[in-house]
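Input: a single structure, listed below in structure tokens.
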Amino acid sequence: MELKEKDHVYIQSFKHDGSLHRTWACGYVIEANEKRIVAVTNKTLVSESDGRKWVTREPAICFFYPDKWYNVICMIRKAGIHYYCNIASPSLYDGEAIKNIDYDLDVKVAPNGKSIILDEEEYERHGREMGYSEELKEAIEKGMKRVM
């Protein structure tokens, strides 16, 4: 099944060990092609792996790529656009959801362009616990360099 503009789509993020990390109940697709999927979320229910649920506070435009080791969420706030870049496996749509594997590292970029890298300790810990290969670590590092 092919994803098309104006479709509603479920979004799932997993961890390297296959466990579900986070889900977004609904994204509205505004672009879907071989280069990327772009979906808009607003007041969307998010479910965490630990059972917590919350609703997004502002509209966001989410960019998912089939060939890049990151995805980008642009949160539209009164103070400007904030970017949240997840270092993750390339995303795919399998007829059920947009899916990727989250590799913990994130980059937040404020409207003034200032960026901060998050969750480096979590990345290191999960790398040891889940046995990230050297090849995987290289792909993740290339994704991080591209985002930066």
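The values are calculated or read from the model by the stated rules, or taken from the named source; none is laboratory data. Quick caveat, the model's predicted, so the values are computed rather than measured. Positions of Cβ are generated from backbone atoms using ideal geometry, with glycine treated the same way; all protein chains shown enter the neighbour counts. Side chains are part of the model used for accessible areas, which takes the heavy atoms of the whole protein and leaves out ligands, DNA and RNA. Shrake-Rupley method; radii C 1.70, N 1.55, O 1.52, S 1.80 Å.
So for the chain, taking the charge dipole from beta-carbon charges (+1 Lys/Arg, -1 Asp/Glu), which of 85, 123, 97 sits furthest toward the positive end?
85
For the peptides 82-91, 49-58, what is the packing order when you average, over each peptide's residues, the other Cβ atoms within 10 Å and list the highest mean first?
82-91, 49-58
Could you work out the longest stretch of the chain that avoids the GluC sites (Glu not before Pro) located in DSSP loops with at most 10 other Cβ atoms within 10 Å?
Answer - 35-95.
Report ³J(HN,Hα) in whole Hz for each residue of segment 137-148, in order, from the Karplus equation J = 6.51 cos²θ - 1.76 cosθ + 1.60 where θ = phi - 60°; Gly and Pro get x.
Couplings: 4, 4, 5, 5, 5, 5, x, 5, 4, 5, 5, 5 Hz.
Charges at C-beta only: +1 for Lys and Arg, -1 for Asp and Glu. How large is the resulting dipole of the chain about its Cα centre, in Debye rounded to 20?
My answer is approximately 780 debye.
Can you compute 3J(HN,Hα) from phi for each residue in segment 37-48, using the Karplus curve 6.51 cos²θ - 1.76 cosθ + 1.60 with θ = phi - 60°, rounded to whole Hz and x for Gly and Pro?
Ordered by residue, 3J(HN,Hα) equals 10, 10, 10, 9, 10, 6, 6, 9, 6, 10, 10, 9 Hz.
Where the centre of each part is set by its Cα atoms, how far does segment 127-148 sit from segment 45-74, in angstrom?
Their Cα centres are 20 Å away from one another.
Can you give me the % of accessible surface on the chain that is carbon or sulfur? Probe 1.4 Å, all protein chains present, nothing else counted.
Within the chain, the accessible surface is 52 percent carbon and sulfur.
Amide H neighbours of residue 105 under 5 Å, at least 5 residues apart or on other chains, H built in the peptide plane: list them.
87
Pull up the cross-link candidates among the lysines for residue 145, meaning alpha carbon to alpha carbon under 28 Å and not fewer than 8 places away within one chain.
Result set, ordered by chain and number: 15, 35, 68, 99, 108, 114, 137.
How far apart, in nanometres, would the label points at residue 141 and residue 28 be if each is projected 7 angstrom from Cα along the Cα-to-Cβ direction?
About 4.2 nm separates the two model spin labels.
Tabulate in residue order the Karplus-calculated ³J(HN,Hα) for segment 68-82, using 6.51 cos²θ - 1.76 cosθ + 1.60 with θ = phi - 60°, rounded to whole Hz; enter x for Gly and Pro.
10, 8, 6, 9, 10, 10, 9, 8, 9, 10, 4, 7, x, 8, 10
Under 16 Å Cα-Cα from residue 53, which lysines qualify once same-chain neighbours fewer than 8 residues away are excluded?
Within the straight-line limit of under 16 Å, residue 53 reaches these lysines: 43.
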